[in-house]
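The values are calculated or read from the model by the stated rules, or taken from the named source; none is laboratory data. On a predicted model such as this, the values are computed, not experimentally measured, just so you know. Here Cβ is always computed from backbone atoms with ideal geometry, including for glycine, and neighbour counts include all displayed protein chains.
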Amino acid sequence: MKALIEKLVQGRAVIAGLIVAYAVAGVMALRSLPIEAYPDVTNIQAEIVTLWPGHAAEEVEKFVTIPVENQMNSLPQRASLRSISMFGLSVVTITFDDDADNYKSRSLVSEQLTQVQLPTGAQASVSPDSTAVGEIFRYTLQAPPNYPLTELRALEDWVVERQFRTVPGIVDVNGFGGPTKQYQVLIDPVKLKSYNITLQQIVQALQNSNQNAGGAYIEHGSQMFIIRGLGLIQTLDDIRDTVLTVRNNTPIKVGDLGQVVIGNQLRLGRVGLNKPHPGLSPEQTDQDDVIQGIVLLRKGDNVLEVLKRVEAKAEEINRSYLPPEVRLVPHYDRTELIHRATHTVIHNVVEGMLLVLVVLVAFLGIKNWRSAFIVAAVIPLALLGAAMLLDYQKIPANLISMGAIDFGIIVDASVVIMENIIRLVEQRRKLGLTLRQCIVQGTAEMTRPILFSKAVLLIAFVPLFTLQRVEGRIFKPMALTLSFAIVSGALIALIAVPCLASYFLRSKGSKDTDGKMGFGLVRAVRSVYLPLLDLALKL
């Protein structure tokens, strides 16, 4: 080991270049590393949502939920399966093992779903690939008080949501609040009975009349004309004029049996908002009925990168797609939370470096300030090494994992090596060593104890690596981040610290203390500690 360290110190110019390259690579990895405010603890799962309007929970469970469950029981790596059946709705949730591939598992669910025999009228689909922490952006549509809320909801459904779904990394957008426009046919039961027409006939006639048809083509000379039948309903009169049947050469239309009006769907809830916002009046910030949208992140995507695209798309929607009197106003953005978490980590790093400098200068003396700076530089270098390993393993960083890094554990190897080097430098005249020899010998003497102590620390994390499910998703990233930082700090201490010491430590001007370690505060501590130790040994 001593020969290896000697070669490293001899090639210090190469090592210095490698340190610079290492720092650049670390910064690049840190910029591309996904950063989250908190870890995603949700399982790998897929939800099958089946709508069967008008049927009781018992029928939904018997004819929808149970057949779906039976088909999904054969899925590989299935960990659990649970379901909820209620009026007109069935939700079956399949949870997979932690090592299962998310996209492959969802594809298998979709494939199996096609094999289920569902009753007529039941519509099944797999829910979007998002999680409980996927709500990264919320907004409301703001307009003057006299602007119809129904029109705002129409803008949300047909304009805003469609634009947000074009953003890479966004899996879905959910709209809430406001009445939804509905074209309603209000049938008079008396007329329905007198004409001897059923509701099913009316529904079938409206479905048949609300569609376009293709008629192939006709040739006319050297030209070909495509034939189309345009039948999509455009106005209320189109609904009124829909023919149901013919009696005595007289068509009976929908309008003959009742009224055709524009109404609203049955509302099952409402959204209120009370949040002051710059540029908005109190009437606009304290509202009991607003249109809100929630943008959902695709599982596994980089939150900050997707949020930048979402914010740009929000500006584009305001600029190009909404009427002048309507504005899309964000009221929740995950960016702020992530920036606060990042600021906390940076703040801790700076404070940690300053504390290391203060403690080292206090114990080593002001004359050894260069040594203090060398040791303090290990902190950011070790964090960059951890960032590179996290980025390579595709593990997002979060406040819990980054906040768990103990700077004392990171720099203790560098402190021990630097202290031993300084001790030998103080004794070099007695030992007959040059500065380079002091650096090589001081590092070599501490290599084995450092490697052993770091191995003990890493072994202590083994129980955390064995955790599964929710607890594993919380503590594994923390254990991996701290382990990566410890390994990086140890390698930097053994490789970079000796080379930096050969550049910045001075070979002259140090008084030979004959090993008495006269480093300012240390002398005062020794004067108290040694008599107490001697007394304790005599007792």
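In this structure, does Arg78 turn out to be assigned by TED's automatic domain parsing to the domain that holds Phe504, in contact (Cβ under 8 Å) with a residue 12 or more places away in the chain and over 30 Å from Met402 (Cβ atoms)? Here the answer is no, as Arg78 does not meet what is asked. Once region 417-443 is narrowed to residues that are without any contact (Cβ under 8 Å) to a residue 40 or more places away in the chain and surrounded by fewer than 18 Cβ atoms within 10 Å (Cβ to Cβ), the residue that is nearest to Phe373 (Cα to Cα) is Gln437. Scan region 323-339 for residues that are farther than 22 Å from Gly272 by Cα and either surrounded by 20 or more Cβ atoms within 10 Å (Cβ to Cβ) or of a type in the set (Asp, Glu) (or both) and jot them down. Within region 323-339, Glu336, Ile338 qualify. Might you check whether a residue that is within 47 Å of the chain's Cα centre (by Cα), loosely packed, with under 15 Cβ neighbours inside 10 Å and part of a loop (DSSP other than H, G, I, E, B) occurs anywhere in region 220-230? Yes: region 220-230 contains one or more residues that are within 47 Å of the chain's Cα centre (by Cα), loosely packed, with under 15 Cβ neighbours inside 10 Å and part of a loop (DSSP other than H, G, I, E, B).
For region 523-539, taking the residues that are farther than 22 Å from Arg423 by Cα and at pLDDT below 85, the one that is surrounded by the most Cβ atoms within 10 Å (Cβ to Cβ) is identified as Lys538. Once region 234-270 is narrowed to residues that are among the aliphatic types (A, V, I, L, M) and free of Cβ contacts under 8 Å to residues at least 40 places away in the same chain, the residue that is nearest to Gln201 (Cα to Cα) is Val243. Please tell me if Met446 is closer than 28 Å to His347 by Cβ and crowded, with 17+ Cβ neighbours inside 10 Å. No; evaluated as a whole, the condition is false for this residue.
Figure legend. Inter-residue proximity from region 54-65: first residues crowded, with 17+ Cβ neighbours inside 10 Å, second residues of a type in the set (Phe, Trp, Tyr) and not in a loop (DSSP other than H, G, I, E, B), beta-carbon distance below 9 Å, spacing 6+ or different chains. Indicated pairs: His55/Phe63.
Count of region 283-299 residues, restricted to those that are surrounded by fewer than 15 Cβ atoms within 10 Å (Cβ to Cβ) and closer than 30 Å to Asn398 by Cβ, is 0. Region 326-435 holds helices (runs of 4 or more DSSP H) entirely within its bounds, and those carrying 2 or more residues that are in contact with a strand residue (DSSP E or B) (Cβ under 8 Å, 6 or more places away or on another chain) map to 334-364, 378-392. With respect to the conditions (1) crowded, with 17+ Cβ neighbours inside 10 Å; (2) in contact with a Phe, Trp or Tyr (Cβ under 8 Å, 6 or more places away or on another chain), Ile48 lacks only one, and its number is (2).
Restricting region 28-65 to residues that are part of a strand (DSSP E or B) and of a type outside the set (Gly, Ala, Ser) leaves a set whose member that is farthest from Ile346 (Cα to Cα) is Leu51.
Those helices (runs of 4 or more DSSP H) of region 96-190 in which at least 1 residues are closer than 30 Å to Gly263 by Cα and in contact (Cβ under 8 Å) with a residue 40 or more places away in the chain, considering only elements entirely within it, cover 149-155, 161-164. Scanning region 191-200 turns up no residue that is surrounded by 14 or more Cβ atoms within 10 Å (Cβ to Cβ), within 30 Å of Val306 (Cα to Cα) and among the aromatic types (Phe, Trp, Tyr).
A residue that is among the hydroxyl-bearing types (Ser, Thr, Tyr) and at pLDDT 90 or above occurs somewhere in region 235-243.
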